1. When the expected Rg is taken as 2.2 N^0.38 Å, what fraction or multiple of it is the alpha-carbon Rg of region 145-222?
2. Over region 49-178, calculate the relative contact order: mean separation of alpha carbon pairs under 8 Å at least 6 apart, over the residue count, as a percent.
3. Give me the distance between the Cα centres of region 121-148 and region 173-206, rounded to whole Å.
4. What do you reckon, how do 72, 227, 208 stack up by accessible area (1.4 Å probe), largest on top?
5. Tell me which residues come under 5 Å, amide H to amide H, from residue 225 once H is placed; ignore anything under 5 positions away on its chain.
6. Largest first, what is the accessible-area ranking of 218, 76, 127 with a 1.4 Å probe?
7. Give me the net charge of residue 145's neighbourhood, meaning all other residues with Cβ under 13 Å from the Cβ of residue 145; Lys, Arg count +1, Asp, Glu -1.
8. If you take the square roots of the eigenvalues of the alpha-carbon gyration tensor of region 100-248 and sort them as a ≥ b ≥ c, do you get rounded (a/c under 1.5), prolate (a/b over b/c) or oblate?
Amino acid sequence: MKRFLLATMAAVALGAATPASAADLGGRPYAPAALIAPVYDWSGLYVGANAGWGSSRSCWTADFFGSEGCHRATGLTLGGQVGYRWQVSSWVFGLEAQGNWADLKGSNDSLLFGGFANRSRVNAFGLLTAQVGYAVNNALFYVKGGAAVTNNRFDVHTSSTGAPPNVLVADTGGQTRWGAAVGLGVEYGFAPNWSVAVEYDHLFMQARTSTFNTAGTLFPPGVFFGRDRISQDVDIVTLRLNYRFASR
């Protein structure tokens, strides 16, 4: 009987001591799982708008006579773009189509024909390019290249010192030129679907021999006036805003 009582007392004492020991050790504090920063995803279809400044350099060479000089046509541009990108690890590949209205104008007095000036205007341009970029989370550095097209108008008018001054004499009408484009840019994703970029593009446009006909001001309209071989290169800097549709 004594042994039974002693065993019962020992079991009760052990049960009382166990919670106290756990309390003495103290509970391990709760540690939430570490949060992993999300990685920005550049994949998917995007659309956007752009605005900026452009400069077109043209040199005119008259048939049988020689160089008439060069000038730059400068002004503003506004347009939009649509494209698709694929991201593989940190590398980003894409295709993009861009179309812009432009208002690039410039002129120079002819070095050959006194009293006349040559004027160039770029009314619009388009780009169809492939892109390769490297992403550092929500920052993307990229280069691009592909085809370019410009809509131009070239004309001859009296010079500012001519008599009468600044009167249209002859023009080529609207003219479309095809060429190549290369560019580079940096883009920053400031929201899951929104990004802003700064981009520079250079357009290598083909030189073309253009025929000028009178415009009906100083001479009867539609009469052959002359021919010039005109070269053209265009530089464009734009600020771009893109919205990307979620790829998944």
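1. Numbers: Rg = 20.1 Å, N = 78, 2.2 N^0.38 = 11.5 Å.
Expressed relative to 2.2 N^0.38 Å, the Cα Rg reads 1.75.
2. On the way: 332 pairs, mean separation 24.2, N = 130.
Rounded, it is 19 percent for region 49-178.
3. 5
4. Numbers: 72 120, 227 95, 208 75 Å².
Ranked list, largest accessible area first: 72, 227, 208.
5. 212, 213, 214
6. Numbers: 218 80, 76 110, 127 10 Å².
Solvent-accessible surface, decreasing: 76, 218, 127.
7. Details: positive: 144; negative: 96, 199, 201.
Once positives and negatives cancel, what remains is -2.
8. Values: a/c = 3.29, a/b = 2.92, b/c = 1.13.
Taking the square roots of the gyration eigenvalues as a ≥ b ≥ c, region 100-248 is prolate.
The values are calculated or read from the model by the stated rules, or taken from the named source; none is laboratory data. All figures in this text were calculated on a predicted structure; none of them were measured in a lab. Cβ atoms come from the backbone with ideal geometry, glycine included; neighbour counts cover every protein chain shown. Accessible surface areas use protein heavy atoms only, side chains included; no ligands, DNA or RNA. Shrake-Rupley method; radii C 1.70, N 1.55, O 1.52, S 1.80 Å.
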